[in-house]
Amino acid sequence: MPELPEVETIRRDLEKEVVGRKLKEVTVTGQRAVRRRPAEFKERLEGRKVVGVDRRGKYLVLRLDGPDVLVIHLRMSGQLLKASAKDPVDKHTHAVLAFAPPGALQVRFVDPRTFGELFVTTPDELGSTVPELADLGFDPLETPMSWERFGLLVRSRKAKLKSLLLDQTFIAGIGNLYADEILFAAGLRYDRDSASISPQEARRLWRAMTEVLTEAIKARGSSLADEQYVDLFGRTGRYQEQHQVYARDGKRCLRCRATIARVRFAQRSTHFCPSCQV
Ligand SMILES: [Zn+2]
């Protein structure tokens with residue numbers, strides 16, 4: 001599933017490609033991808049100009065030059081792909097956003113598994129339309145915060161560290177893959193009690209979180225063999241080449257040479273080094 005680095009990569013691509021462009025025609029072919037207010041979807045978008053592209057956790061929010069915003073969540077396998085009108089249409093295409101002038105730029109929403117979603121709402125109704133967005137925690141890269149403050153927040157929670165990283169009401173945008181990579185970089189186990197973290201450990205966790213996410217964005221995200229993440233131009237990311245623990249179970253730890261383990265935790269696979277994560 002695309003997490004913060006992948007969604008941020010697509011956000012930056014969209015910002016370059018569609019800001020200042022007017023939506024000429026919106027075509028919805030897969031009704032399941034536009035579940036909320038499908039009848040209004042086309043009408044509220046056509047003729048509007050995109051004035052900005054924001055990211056809220058794993059959601060993309062395209063600001064328009066009217067009262068509305070276009071919200072996109074890629075979920076498991078959704079892709080946003082730049083195309084031109086003459087390009088063949090993938091059979092899993094659910095929506096096509098065609099920009100003026102006609103025949104020029106298109107952005108297509110392609111999703112083989114149809115968990116992803118697009119909808120139009122207003123900024124004021126965003127929180128009531130998607131309760132998850134109303135309760136979204138801080139953004140690990142955008143919210144100005146000191147590591148001391150971060151440490152206090154972590155210690156004030158009663159949770160296992162990995163659960164806390166995955167809790168979107170605490171921190172927005174981190175999923176299973178980056179939680180494992182961040183905890184390895186910090187040298188901390190997934191099942192440590194957050195209240196037991198020392199100030200030094202909180203500082204390591206803060207630094208690990210910032211560095212892993214920043215490096216992953218630089219490498220344009222992680223593309224895995226069994227998943228479908230590509231950027232707006234259909235290119236895979238490269239951060240998977242730098243993964244330290246994710247899907248490396250049975251291989252040697254790159255820090256201490258112990259064997260990387262995999263366990264089930266919170267219904268997800270967790271990868272960690274039993275030796276150098278404490
Ligand atoms: Zn190790």
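The values are calculated or read from the model by the stated rules, or taken from the named source; none is laboratory data. Computed from a predicted structure; not experimentally measured. Neighbour counts run over all protein chains shown; Cβ positions are idealised from the backbone, glycine included. Remember, those area values only see protein heavy atoms, side chains included, never the ligands or the DNA or RNA. Shrake-Rupley method; radii C 1.70, N 1.55, O 1.52, S 1.80 Å.
Observations
- Answer residue from the stretch 50-83, given it is among the charged types (D, E, K, R) and on the phi < 0 side of the Ramachandran plot and is nearest to the chain's Cα centre (by Cα) among those: Lys58
- For the stretch 88-124, the set of residues classified as of a type in the set (A, V, I, L, M), part of a strand (DSSP E or B) and either surrounded by fewer than 17 Cβ atoms within 10 Å (Cβ to Cβ) or free of Cβ contacts under 8 Å to residues at least 60 places away in the same chain (or both) consists of Val110 only.
- All strands (runs of 3 or more DSSP E) inside the stretch 1-82 with 1 or more residues being aromatic (Phe, Trp, Tyr) and within 30 Å of Ala225 (Cα to Cα): 59-64
- Scanning the stretch 209-223 for residues that are open to solvent by 10 Å² or more (accessible area, probe 1.4 Å), in contact with a Phe, Trp or Tyr (Cβ under 6 Å, 6 or more places away or on another chain) and without any contact (Cβ under 8 Å) to a residue 24 or more places away in the chain turns up at least one hit.
- Extreme residue, most open to solvent (accessible area, probe 1.4 Å), among residues of the stretch 144-173 that are polar (S, T, N, Q) and within 16 Å of the chain's Cα centre (by Cα): Thr169
- Out of Gly57, Gly20, sole residue that is of a type in the set (Gly, Ala, Ser) and under 22 Å from Asp135 (Cβ atoms): Gly57
- Restricting attention to the stretch 245-258 and to residues that are open to solvent by 60 Å² or more (accessible area, probe 1.4 Å), near the ligand (Cβ under 9 Å from one of its atoms) and part of a loop (DSSP other than H, G, I, E, B), the residue that is farthest from Ser222 (Cα to Cα) turns out to be Arg257.
- Summed over the stretch 22-68, the residues that are open to solvent by 80 Å² or more (accessible area, probe 1.4 Å) and of a type in the set (S, T, N, Q) give a count of 2.
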